[in-house]
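A short write-up of the structure that comes next.
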Amino acid sequence: MPDNEEPMIIAGSISELPFNKYKRWQWWFLVALSMFFLIVGQSAAVILGRFYYDQGGNSKWMATLVQTVAFPVLYIPFFIIPSPSEAPTSSVSPSIKILALIYFVLGVLIAADNMMYSIGLLYLSASTYSLICASQLAFNAVFSYFINSQKFTILIVNSAVVLSLSASLLAVNEDKERPSDVSKGKYIIGFLCTLGASAIYSLLLSLMQLSFEKVLKRETFSVVLEMQIYTSLVATCASTIGLFASGEWSTLHGEMEGFHTGGVAYVLTLVWTAVAWQVCSVGVVGLIFLVSSLYSNVISTVSLAVTPIASVIVFHDNMNGVKIISMLLALWGFASYIYQNYLDDSRARSAQAVAPKSNNDSSC
């Protein structure tokens, strides 16, 4: 992987390998398709997760497990879509022990992150939960600066500040945003867990990007998929252990029988939640391969404009003035971040266009 000074900008410009492998329209089509999978998958998973709780589901570990348990779905694109052939390199492949350690640490972090998200969704409305998740862009800016050497720009700073204000509005407005059956203490726990989960998610993406650069030293489609598959396997094992160790497994039968819309709906809700999260993962993998792992964080926040609206339609969530202002601020922060990535993209394309000309001139 090239350094920051090379044409590939880590936090959101065009990855040199995929850009060279596809025509421009093909590249944009694949990026748009990946964005669609990510946005639809994530939005559907959040709505279904909130539906699970609303209909009588109460197992936080089950809600955590379904976020990764369907990871075998990722084997479909792994075997169907071949990776571009790579030029031989002199770099030594990392040992099995190093890879296992990376996958284990990241997998455990993913399981902890998913548990915090599950607690947040349990105590918050779907719309409030989604808007707080937008704060991950602010955390993304901080972690990418310290871990991935991403430079701060005025647009990045603006995005971080505006998104922080967006989340703060929901925090100070908790009396009106808190669901009627949730106490003030549980609301605060849900708010802090969702905020903490957003921070961990941003940290995870930065650590994944660092792993690709410093350890794996390549970012092909198959390598990115392997990262997703093996870390999800570890997270699934950790969540399964948590489900049995906590004793929640013994309550699942009664939970299914007491599900308001019936046992079949209970099973289908969990199955489709798991599938939705993996559809989201396919989108994440596509964006990591085509652009960068950090850029996928930016695109995932588009759901903040989709999920609150969908939650108003499905759950009749209260969309008051404060929440609307919070959503507009979040969209402003997102737009600032996207524009910065557009500028990085333009600079990367210019650098790639100038490089061949310079080589031709020097050979004359």
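Taking every protein chain into account, the 1.4 Å probe leaves Phe152 with about 90 Å² of accessible area, to the nearest ten. Just add up the charged neighbours of Ser206: K/R +1, D/E -1, any other residue whose Cβ is under 14 Å from the Cβ of Ser206. Neighbourhood net charge equals -1.
On a 27 Å Cα-Cα criterion, which of the cross-link pairs Lys184/Lys323; Lys60/Lys217; Lys23/Lys217; Lys97/Lys217 come out too long? Don't skip to the answer; put the middle values down first.
Details: Lys184/Lys323 18 Å; Lys60/Lys217 37 Å; Lys23/Lys217 25 Å; Lys97/Lys217 16 Å.
Correct reply: Lys60/Lys217.
Report the FRET efficiency, 1/(1 + (r/R0)^6), for Asn58 and Ser95, where r is their Cβ-Cβ distance and R0 is 41 Å, rounded to 0.05. Efficiency, from the Cβ-Cβ distance: 0.40. For the set Arg218, Arg24, the ranking by accessible area, highest first and with no ligand, DNA or RNA atoms included, is Arg24, Arg218 under a 1.4 Å probe.
A Förster radius of 35 Å combined with the Cβ-Cβ distance from Lys217 to Val161 puts the calculated FRET efficiency at roughly 0.50.
The values are calculated or read from the model by the stated rules, or taken from the named source; none is laboratory data. Fair warning: this is a prediction, and the values are worked out from it, not measured in the lab. All Cβ positions, glycine included, derive from the backbone under ideal geometry; neighbour counts span all protein chains shown. Protein only, heavy atoms only, side chains kept; ligands, DNA and RNA dropped before computing areas. Shrake-Rupley method; radii C 1.70, N 1.55, O 1.52, S 1.80 Å.
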